[in-house]
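Participant: This is the structure I have questions about; it appears just below.
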Amino acid sequence: MLSLLSFVSAQADDITVDGTKRNYIVYAPSNLGSKRPLLISCHGMNQDAAYQKGMLQIESVADTAKFVTVFPNGIDHSWDLSGERDLRFMRVLIDEMVKRYDIDRNKIYLSGFSMGGMFTYFAMNRMADVFAAFAPISGYPMWGASFTSSRPIPIIHTHGTSDDVVAFSGVANVLAGWVKRNGCPTTAQTTKPYRASHITRHVWGPGLEGVEVVLLEMAGKGHWISNDNGVKTGEEIWNFCNRFSLKDTSPHVRFTSPQGNLSFVTVGGAAQTPGITLEVEADDPDGTVAGVAYYDNGKLVGETTEPPYTFVLEGLGKGEHVVSAVAMDNDGYTAKAETTVNVTEVLRGSFTLTNFDSEGSVPDGWETFDGQERRVGYADGFTQGARVFLFTGAQHDFDAGLYTRNVTGGTKEGYARFAGESTNTSLTLIPGSYQLYVKVANWNQPSFSPVTVAVENLEGESMLSETFTPTANIGNSASNSFSGTTAMSYTFDVLQTGRYVVSFYTADAPWADLVVGRATLRRNGEAKVDSPTEMALPVRQEYFNLAGQRVAHDTHGIVVEKTIMSDGTVTGRMVRK
């Protein structure tokens, strides 16, 4: 029997479950060996096992890695998402595969497409004792998810952003629930592009027992399994799942501080980073943790043998630093957790705050508040509220913008802020004279709504606070054309090295809004020092109506006259013309 199996790769077969004949297709590589893994892959609604096998294209991966794949058929081309019928089918099918192929019960994985993905999520809460990892594709519980698995579980979810059957917009909330259940860091480590220009990979982890939650975001892909640009979904699923086993004898380690990547930006001088406190949780399921070693780009920088496993990392130079924590147990086995620290030094030129490229996200370094909900980047999957828009109108003043609003109308309760304390980004300014260049529009304010631009230190002191009224209103749709956004330029002085925050506030009115399209910061030179022998002289005058909109100098009626002095100060008065 075993010798015959070496010549048989794929075959259809039947099995009786609870008195009902069920069928499936199995693919087993030649020369399989013993105690090999098993992947079960479930088809979508109104599809079948043969179609799923053709879409997944797993054969070459299975041939190399030596694992068995089973494609079961659901009854009436669908799956039971509320009862025990198909869960029972999975258990009987696994028993049959163990008997026929000597499968390792510790390395059995469940995947599925569309409704098969929904069934995969259904099984997470009921069969975490059977499957070592789960890999849903383009499917999640559209009726509402639950997160009641008997243990933390590894998950890799792949989904196209243009899916018009099971919308990509629903993925974020489902994964957020599993991130919380698994005890993973709430901020993902994001790789863009990942292996191909259209793929973004988000990793939350490691969490409890070393598990991870991974999202492969396929830009522009619809409701199908993606296998192009040299990237196969089945291969990505296998590479993830193969790392996990039900019987775990390796140590676990995960960062508790920092949670997520860090970014330090210094403008006007050499990079300045404070001491970074690294702390991890480490355990070993079948023994003890001997110690934890810390590495910076592969170079050993510190060790600790007693919990809490902490180390202060100091003196990081500019560039990207991959910081690793490696835990070793009493048997000599190791586990590794990683985080990234980016240190940017801007000595000349400008630093751009607004590198927005992911629709529906709050970008790294940014925080938004609308009076009700606070969002801290990087976070994505948003279809309502504060988020990035990508503009597609025939004419638009900027390609992308970060939108926020003031739902309550409270004072400073609508804002978008860069490098705030709650973010993982720090902006250090060296003493000098600075210029902030911005383009800001209204989103849905036909009568226009003022915006305040501010540069503040962490104590709340303002180096700059200017209010203006945008000259462009986008019109409540990212596909609209819009033009005429006024570029505003502000100068301010920094007299003391420190950490600073750049903020954009809406008006203090219900549903006031703003869209930040451009923000760059430049250090122009040394700070100006007042001299008693020098007198500030008027440089130019600008005029505004009572709504804060710029008007021509020969406008009749009551206007606000602003005089810009040679020392950069601004005076204003109300005049009748």
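Participant: Looking at this structure, is Gly116 in a helix (DSSP H, G or I) and in contact with a Cys (Cβ under 6 Å, 6 or more places away or on another chain)?
Facilitator: yes
Participant: Looking at the stretch 55-83 only, could you name the residues that are farther than 16 Å from Ile237 by Cβ, under 33 Å from the mean Cα position of the chain (by Cα) and modelled with pLDDT of 95 or more?
Facilitator: Those that are farther than 16 Å from Ile237 by Cβ, under 33 Å from the mean Cα position of the chain (by Cα) and modelled with pLDDT of 95 or more: Ser78, Trp79, Asp80, Leu81.
Participant: So for the stretch 308-320 (the condition being assigned to a loop (DSSP other than H, G, I, E, B) and surrounded by 18 or more Cβ atoms within 10 Å (Cβ to Cβ)), does at least one residue qualify?
Facilitator: Yes.
Participant: Within the stretch 462-484, how many residues turn out to be open to solvent by 30 Å² or more (accessible area, probe 1.4 Å) and closer than 20 Å to Tyr437 by Cα?
Facilitator: Adding up the residues that qualify gives 9.
Participant: Can you go through Glu217, Glu209 and tell me which one is open to solvent by 10 Å² or more (accessible area, probe 1.4 Å) and at positive phi?
Facilitator: Answer to the check: Glu209.
Participant: In the stretch 350-406, how many residues are in a loop (DSSP other than H, G, I, E, B) and among the polar types (S, T, N, Q)?
Facilitator: Selection size over the stretch 350-406: 9.
Participant: Further, regarding this structure: Specify the residue that is modelled with the lowest pLDDT; the eligible residues are those in the stretch 321-357 that are charged (D, E, K, R) and either open to solvent by less than 60 Å² (accessible area, probe 1.4 Å) or within 15 Å of Thr273 (Cβ to Cβ) (or both).
Facilitator: Within the stretch 321-357, the match that is modelled with the lowest pLDDT is Asp329.
Participant: May I ask you to say which residue of Phe369, Phe391 is buried (at least 17 other Cβ atoms within 10 Å of the Cβ), modelled with pLDDT of 95 or more and over 30 Å from Gly498 (Cβ atoms)?
Facilitator: Just one listed residue meets the conditions, Phe391.
Participant: Anything in the stretch 191-244 that is under 22 Å from Thr340 (Cβ atoms) and acidic (Asp, Glu)? List them, or say none.
Facilitator: Glu212, Glu217, Glu236
Participant: Out of everything in the stretch 286-307 that is open to solvent by less than 70 Å² (accessible area, probe 1.4 Å) and not in a strand (DSSP E or B), what residue ends up being nearest to Thr344 (Cα to Cα)?
Facilitator: Of everything passing the filter in the stretch 286-307, Gly298 is nearest to Thr344 (Cα to Cα).
Participant: Mind listing just one residue for me: the one in the stretch 185-201 that is without any contact (Cβ under 8 Å) to a residue 60 or more places away in the chain and of a type outside the set (Phe, Trp, Tyr) and, of those, surrounded by the fewest Cβ atoms within 10 Å (Cβ to Cβ)?
Facilitator: Across the stretch 185-201, the extreme among qualifying residues is Ser197.
Participant: What pairs come out if I take residues in the stretch 64-85 that are surrounded by 16 or more Cβ atoms within 10 Å (Cβ to Cβ) and pair them with residues that are among the aliphatic types (A, V, I, L, M) and part of a loop (DSSP other than H, G, I, E, B) whose C-beta lies under 6 Å away, six or more apart or interchain?
Facilitator: Val68/Ala28; Thr69/Ile58; Ser78/Met45
The values are calculated or read from the model by the stated rules, or taken from the named source; none is laboratory data. Owing to the predicted nature of the structure, the values given are computational and were not obtained by experimental measurement. Virtual Cβ from ideal backbone geometry, glycine too; neighbours counted across all protein chains shown. Ligands, DNA and RNA are excluded from the accessible area calculation, which covers all protein heavy atoms including side chains. Shrake-Rupley method; radii C 1.70, N 1.55, O 1.52, S 1.80 Å.
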